[in-house]
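The values are calculated or read from the model by the stated rules, or taken from the named source; none is laboratory data. Just so it is clear, the model here is predicted, and its values are computed rather than measured. Here the Cβ positions follow ideal geometry from the backbone for every residue, glycine too, while neighbour counts run over all protein chains shown. These area figures cover heavy atoms from the full protein model, side chains too; ligands, DNA and RNA do not enter into them. Shrake-Rupley method; radii C 1.70, N 1.55, O 1.52, S 1.80 Å.
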Amino acid sequence: MSKGFTTAILHSDRQGGIEHGSLHKPVHNSITFAHNTAADIAAVFQGRQPGMTYGRQVNPTTQALEKKITLMEGGLATCCFSTGMAAISATLFSLLRAGDHVVSSVFLFGNTNSVFQTLQNFGIEVSFVDATDVANVEAALRPNTRLVFVETIANPCTQVADLERIGTLCKAREVLYVVDNTITSPWSFKPVSVGAGLVINSLSKYIGGHANALGGSVTETGAFDWEKFPNIYANYKTGKPSTWGLLQIRKKGLRDTGATLAPEAAHHISVGSETLALRQECSSANAGKLAEFFNTHPAIKQVFYPGLAAHPQHALAKTLFRNNSSLMSIELKPEVDCFAFIDALQLVVIASHLGDNRSLAIPVAHTIYFEMGAERRAEMGISDGTVRLAIGIEDSDDLIADFAQALDKAAAKA
Ligand SMILES: *Cc1c(COP(=O)(O)O)cnc(C)c1O
């Protein structure tokens, strides 16, 4: 019987019959695994027999988390990494070759943008397009386009990609569709539902949820026909074609880069993931209330949040997502100093990161989007007064009170 989202995650580990009736998969702090015979170790290494090879590629605690993420995403299999960036870099590095072309959303997490800049120095061409309209993606496709990469809700201005239509386009053109689901999380959105072949999550954010462990994952959904992908090495075309892509990512990506998730971190993330749905519902409800409060505030020029009726993709977000998540940005009026506003916050933490239980604020042009330069910032709609807010699960009245007093203080100085 298929269970609900939270039920499935909560009872996932103990289905394996853990010793002493343990509810959690134990943390296996072992980097290698003993085998009974030489024939056994050979069979495991050649993939003819299940088992553990070496801790850089596999670990039982990490496997238990991979199973949970696969359940959450409704996919076939998952490979975990040390961080979300490791998952993204390893995926691109293992699947692309010189001469290939990629279409990416222009609205991207800053470090993902940096990876695409680097790939261009290795002979891979990247076209950055406004992915809120599928027509822009279609116009950028070329015969050598190997994949289309988008985020669900983009950082920091919350543009929503035209996810379903891009999925239909990728299917028709037989191009791999990669969706970074970090900002929505699999509770709010399952990219497999719009035809994504690979789904990436930063486990450091909503899935872990407590800012105590870094991690990343790539999930194979089964939606892409890897027989149509020219870059799969002959070695990895052994099992069913639906397994080829993730096998190559695990070998050429995880094994060769060595960006392995630590078993302790896998345990923290696993425990955090048990409350993903509860936390996301709460933080999203808080964000909705705050967006309405900011929307009429005289010190604020603009609020970026898909839950607001005036957001350009408000209707689209409604059809795609269960909720609007809890990432938002506000642009203060030019006369209101954004540093004065941030410094006046008493409860909200001045910090990078998102998807934590605590609410966080950061001036983005001066920090996470500083390195990319003014020109790219302007393309992404980021101004010097843009403050990104990652709303947590505090009591909403406390959050509104803190933001209200900080805005009043900063406005009084203007
Ligand atoms: C944070 C983030 C990442 C990178 O994740 P890390 O675990 O910090 O490496 C990738 N994509 C998005 C959308 C993110 O928010």
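Yes/no matrix, rows are residues, columns are (1) within 11 Å of the ligand (Cβ to nearest atom); (2) over 19 Å from the mean Cα position of the chain (by Cα):
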site: Val106; (1), (2): no, no
site: Phe109; (1), (2): yes, no
site: Val115; (1), (2): yes, no
site: Gln120; (1), (2): no, yes
site: Asn136; (1), (2): no, yes
site: Leu141; (1), (2): no, yes
site: Arg146; (1), (2): no, yes
site: Glu151; (1), (2): yes, no
site: Gln159; (1), (2): no, no
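The condition (being part of a loop (DSSP other than H, G, I, E, B) and buried (at least 24 other Cβ atoms within 10 Å of the Cβ)) is satisfied by just one residue among Pro156, Pro230: Pro156.
Can you go through Leu214, Leu203, Leu147, Leu198 and tell me which one is open to solvent by 10 Å² or more (accessible area, probe 1.4 Å) and among the aliphatic types (A, V, I, L, M)? Walk me through how you get there before you give the answer.
Numbers: Leu203 fails: open to solvent by 10 Å² or more (accessible area, probe 1.4 Å); Leu147 fails: open to solvent by 10 Å² or more (accessible area, probe 1.4 Å); Leu198 fails: open to solvent by 10 Å² or more (accessible area, probe 1.4 Å).
That would be Leu214, the only listed residue that is open to solvent by 10 Å² or more (accessible area, probe 1.4 Å) and among the aliphatic types (A, V, I, L, M).
Looking at the range 36-72 only, could you name the residues that are within 25 Å of Trp244 (Cβ to Cβ), in a loop (DSSP other than H, G, I, E, B) and open to solvent by 60 Å² or more (accessible area, probe 1.4 Å)?
Step one: of the range 36-72, the residues within 25 Å of Trp244 (Cβ to Cβ) are 41-60, 62-72.
With the extra rule that they be in a loop (DSSP other than H, G, I, E, B), the set shrinks to 46-53, 55-59.
Gln46, Gly47, Arg48, Gln49, Pro50, Arg56, listed by residue number.
Tell me the residue from Leu198, Leu247, Leu254 that is under 16 Å from the mean Cα position of the chain (by Cα) and among the hydrophobic types (A, V, I, L, M, F, W, C), please. Steps first, please.
Numbers: Leu247 fails: under 16 Å from the mean Cα position of the chain (by Cα); Leu254 fails: under 16 Å from the mean Cα position of the chain (by Cα).
The match here is Leu198.
The criterion of at least 2 residues that are within 23 Å of Pro156 (Cβ to Cβ) and modelled with pLDDT under 95 is met, among helices (runs of 4 or more DSSP H) falling completely within the range 78-144, by 110-120. Quick one: would you say Leu10 is out of contact with any Phe, Trp or Tyr (no Cβ under 8 Å at 6 or more places or on another chain) and within 30 Å of Asp162 (Cβ to Cβ)? Considered against the rule, which asks whether it is out of contact with any Phe, Trp or Tyr (no Cβ under 8 Å at 6 or more places or on another chain) and within 30 Å of Asp162 (Cβ to Cβ), Leu10 comes out as no. Residue count for the range 198-242, restricted to those that are at positive phi and out of contact with any His (no Cβ under 9 Å at 6 or more places or on another chain): 2. The single condition among (1) open to solvent by 10 Å² or more (accessible area, probe 1.4 Å); (2) over 27 Å from Pro26 (Cβ atoms); (3) away from the ligand (no atom under 15 Å from the Cβ) that Gly245 does not satisfy is (1). When you look at Thr238, is it more than 15 Å from the ligand (Cβ to nearest atom) and modelled with pLDDT under 95, yes or no? Yes; evaluated as a whole, the condition is true for this residue. Does the range 267-290 include one or more residues that are acidic (Asp, Glu), more than 15 Å from the ligand (Cβ to nearest atom) and touching a strand residue (DSSP E or B) at 6+ places or on another chain (Cβ under 8 Å)? No, the conditions are met nowhere in the range 267-290.
Here are some residues: Val179, Val192. Which one is open to solvent by less than 20 Å² (accessible area, probe 1.4 Å), under 24 Å from Val137 (Cβ atoms), at pLDDT 95 or above and not assigned by TED's automatic domain parsing to the domain that holds Ala285?
Val179
Look at Arg250 and say whether it is away from the ligand (no atom under 16 Å from the Cβ), of a type in the set (D, E, K, R), open to solvent by 20 Å² or more (accessible area, probe 1.4 Å) and touching a residue at least 60 places away in the same chain (Cβ under 8 Å).
yes
Whether any residue in the range 339-350 is farther than 17 Å from Phe293 by Cα, touching a Lys or Arg at 6+ places or on another chain (Cβ under 8 Å) and not β-branched (Val, Ile, Thr) is what I want to check. Scanning the range 339-350 turns up at least one residue that is farther than 17 Å from Phe293 by Cα, touching a Lys or Arg at 6+ places or on another chain (Cβ under 8 Å) and not β-branched (Val, Ile, Thr).
Any chance you could count how many residues in the range 325-380 are under 30 Å from Ala277 (Cβ atoms), out of contact with any helix residue (DSSP H, G or I) (no Cβ under 9 Å at 6 or more places or on another chain) and open to solvent by 70 Å² or more (accessible area, probe 1.4 Å)? Total meeting the criteria: 1. What about Phe93, is it open to solvent by less than 30 Å² (accessible area, probe 1.4 Å), touching a residue at least 24 places away in the same chain (Cβ under 8 Å) and within 16 Å of the ligand (Cβ to nearest atom)? Answer is no for this residue. Taking every residue in the range 390-411 that is under 26 Å from Thr182 (Cβ atoms) and pairing it with any residue that is open to solvent by 40 Å² or more (accessible area, probe 1.4 Å) and small (Gly, Ala, Ser), at least 6 positions away or on another chain, the pairs with Cβ-Cβ distances below 8 Å are Ser396/Ala285. Of everything in the range 15-35, what is outside any loop (DSSP other than H, G, I, E, B) and within 17 Å of Met72 (Cβ to Cβ)? Give them in sequence order. Within the range 15-35, just Gln15 meets the criteria.
Looking across the range 168-194, the residues that are β-branched (Val, Ile, Thr) and either without any contact (Cβ under 8 Å) to a residue 24 or more places away in the chain or more than 14 Å from the ligand (Cβ to nearest atom) (or both) come down to Thr168, Val175, Val192, Val194.
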